[in-house]
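Worksheet for the structure shown next.
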Amino acid sequence: MAYDDPKIVGITGGIGTGQTTVAKMFEKFGAKVIHADDIARRVVEEDREVKAEIRQAFGNEVFTRNGHVNRKKLAQIVFEDEAKTHRLNQIVHPRMVSRIVDELEEARDSGKYPMIAIDAALIYEANLEQMFDAVVVVTARLKDRIQRIRERDGLSEKEIRDRISRQIPVEEKVKWADYVLRNTADLKELEKHARRVYQLILRGATARRRTGTRRKTTRSSRS
């Protein structure tokens with residue numbers, strides 16, 4: 001079956017909420033999933049102009065002897081300073097978004113997928129919500145987020161809280177979301193609710209009314 005007009009969905013939340021886990025569930029259900037973190041990593045590793053701008057903004061100390069960006073060192077520097085976080089986003093995000101759009105269009109042109117989902121923590125921070133037919137926000141308790149990030153990345157609680165503070169609070173994103181999934185660490189329960197949201201989006205069901213003031217425009221179909 002060919003899909004001429006797949007649903008375009010954003011899956012977001014915040015660091016440690018489990019949004020990538022939900023994205024992988026959507027992939028299991030049949031969606032094509034594009035992971036923004038993977039694309040951002042490739043941009044930093046492959047784009048010479050990006051590397052040059054990073055070197056100019058943050059110095060040689062964030063590079064290895066082989067000329068690769070030391071992403072751990074770079075993260076340590078930028079998450080200590082909001083202005084530096086903003087500067088790095090200015091460098092990386094435009095190229096990242098361009099590549100996301102390219103991959104999205106390629107997936108849409110293939111006609112293989114009923115849904116194309118973008119797994120991206122910074123959908124609202126980067127004002128990308130207008131790209132989507134629906135945005136799914138994944139939430140989790142703060143203590144669960146801290147535990148997940150500590151186990152995954154080996155960061156201290158202070159480092160984790162600093163990184164969380166650089167993102168729009170998840171509570172605000174919930175107000176703007178079309179659908180909300182609460183990650184209580186019970187994966188079977190999360191998958192059950194994720195499948196229901198996936199099916200609702202495919203059916204074009206009306207999402208719950210957003211309570212915040214932020215609004216997204218309807219995505220126009222390609223001609």
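The values are calculated or read from the model by the stated rules, or taken from the named source; none is laboratory data. These numbers come from a predicted model, not from an experiment. Positions of Cβ are backbone-derived with ideal geometry, glycine not excepted, and every protein chain shown enters the neighbour counts.
Go through (1) in a strand (DSSP E or B); (2) farther than 12 Å from residue 36 by Cβ and name the single condition residue 118 misses.
Condition not satisfied by residue 118: (2).
Taking residue 108, is it in contact with a Pro (Cβ under 7 Å, 6 or more places away or on another chain), surrounded by 14 or more Cβ atoms within 10 Å (Cβ to Cβ) and of a type in the set (Lys, Arg)?
On the way: in contact with a Pro (Cβ under 7 Å, 6 or more places away or on another chain): yes; surrounded by 14 or more Cβ atoms within 10 Å (Cβ to Cβ): yes; of a type in the set (Lys, Arg): yes.
For residue 108, the condition - in contact with a Pro (Cβ under 7 Å, 6 or more places away or on another chain), surrounded by 14 or more Cβ atoms within 10 Å (Cβ to Cβ) and of a type in the set (Lys, Arg) - is met.
Can you tell me which condition residue 154 does not meet? The list is (1) out of contact with any helix residue (DSSP H, G or I) (no Cβ under 8 Å at 6 or more places or on another chain); (2) among the small types (Gly, Ala, Ser); (3) closer than 23 Å to residue 27 by Cα, and all the others hold.
(3) is the only condition that residue 154 fails.
Tell me, yes or no, whether the stretch 101-114 has at least one residue that is over 30 Å from residue 199 (Cβ atoms), of a type outside the set (Gly, Ala, Ser) and outside any helix (DSSP H, G or I).
Residues of the stretch 101-114 over 30 Å from residue 199 (Cβ atoms): none.
No, because not a single residue in the stretch 101-114 is over 30 Å from residue 199 (Cβ atoms), of a type outside the set (Gly, Ala, Ser) and outside any helix (DSSP H, G or I).
Looking at 84, 72, can you tell me which residue is surrounded by fewer than 18 Cβ atoms within 10 Å (Cβ to Cβ), in contact with a helix residue (DSSP H, G or I) (Cβ under 8 Å, 6 or more places away or on another chain) and not polar (S, T, N, Q)? Give the derivation first.
Numbers: 72 fails: in contact with a helix residue (DSSP H, G or I) (Cβ under 8 Å, 6 or more places away or on another chain).
Step by step, each of 84, 72 is checked, and only 84 is surrounded by fewer than 18 Cβ atoms within 10 Å (Cβ to Cβ), in contact with a helix residue (DSSP H, G or I) (Cβ under 8 Å, 6 or more places away or on another chain) and not polar (S, T, N, Q).
Hey, does the stretch 37-54 have a residue that's surrounded by fewer than 19 Cβ atoms within 10 Å (Cβ to Cβ), among the charged types (D, E, K, R) and not in a helix (DSSP H, G or I)?
Among the residues of the stretch 37-54, at least one is surrounded by fewer than 19 Cβ atoms within 10 Å (Cβ to Cβ), among the charged types (D, E, K, R) and not in a helix (DSSP H, G or I), which makes the answer yes.
Given the condition of a type in the set (A, V, I, L, M), closer than 25 Å to residue 127 by Cβ and out of contact with any Gly (no Cβ under 7 Å at 6 or more places or on another chain), answer yes or no: does some residue in the stretch 60-73 qualify?
Scanning the stretch 60-73 turns up no residue that is of a type in the set (A, V, I, L, M), closer than 25 Å to residue 127 by Cβ and out of contact with any Gly (no Cβ under 7 Å at 6 or more places or on another chain).
For residue 66, all conditions in the list (1) touching a helix residue (DSSP H, G or I) at 6+ places or on another chain (Cβ under 9 Å); (2) not in a helix (DSSP H, G or I) hold save one; what is the number of the exception?
Only one criterion in (1) touching a helix residue (DSSP H, G or I) at 6+ places or on another chain (Cβ under 9 Å); (2) not in a helix (DSSP H, G or I) is unmet by residue 66, namely (1).
Do you know which residues across the stretch 1-28 are in a helix (DSSP H, G or I), surrounded by 21 or more Cβ atoms within 10 Å (Cβ to Cβ) and over 13 Å from the mean Cα position of the chain (by Cα)?
Within the stretch 1-28, 25, 26 qualify.
Restricting the stretch 1-35 to residues that are aliphatic (A, V, I, L, M) and at pLDDT below 95, which is nearest to residue 167 (Cα to Cα)?
Of the stretch 1-35, the ones aliphatic (A, V, I, L, M) are 1-2, 8-9, 11, 15, 22-23, 25, 31, 33-34.
This time we only want the ones that are at pLDDT below 95, so: 1-2, 15.
On the way: 1: 40, 2: 38, 15: 8 Å.
Filtering first and then ranking leaves 15.
Yes/no matrix, rows are residues, columns are (1) modelled with pLDDT of 90 or more; (2) buried (at least 21 other Cβ atoms within 10 Å of the Cβ); (3) assigned to a helix (DSSP H, G or I); (4) in contact with a Ser or Thr (Cβ under 8 Å, 6 or more places away or on another chain):
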| position | (1), (2), (3), (4) |
| --- | --- |
| 136 | yes, yes, no, yes |
| 168 | yes, no, no, no |
| 189 | yes, no, yes, no |
| 199 | yes, no, yes, no |
| 208 | no, no, no, no |
| 222 | no, no, no, no |
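For the stretch 138-166, give me the residue count where each residue is outside any helix (DSSP H, G or I), among the small types (Gly, Ala, Ser) and closer than 15 Å to residue 13 by Cα.
The initial filter retains those residues of the stretch 138-166 that are outside any helix (DSSP H, G or I), namely 138-141, 154-156, 166.
Those left that are additionally among the small types (Gly, Ala, Ser): 140, 154, 156.
Now drop any that are not closer than 15 Å to residue 13 by Cα, which leaves 140.
Qualifying residue count for the region: 1.
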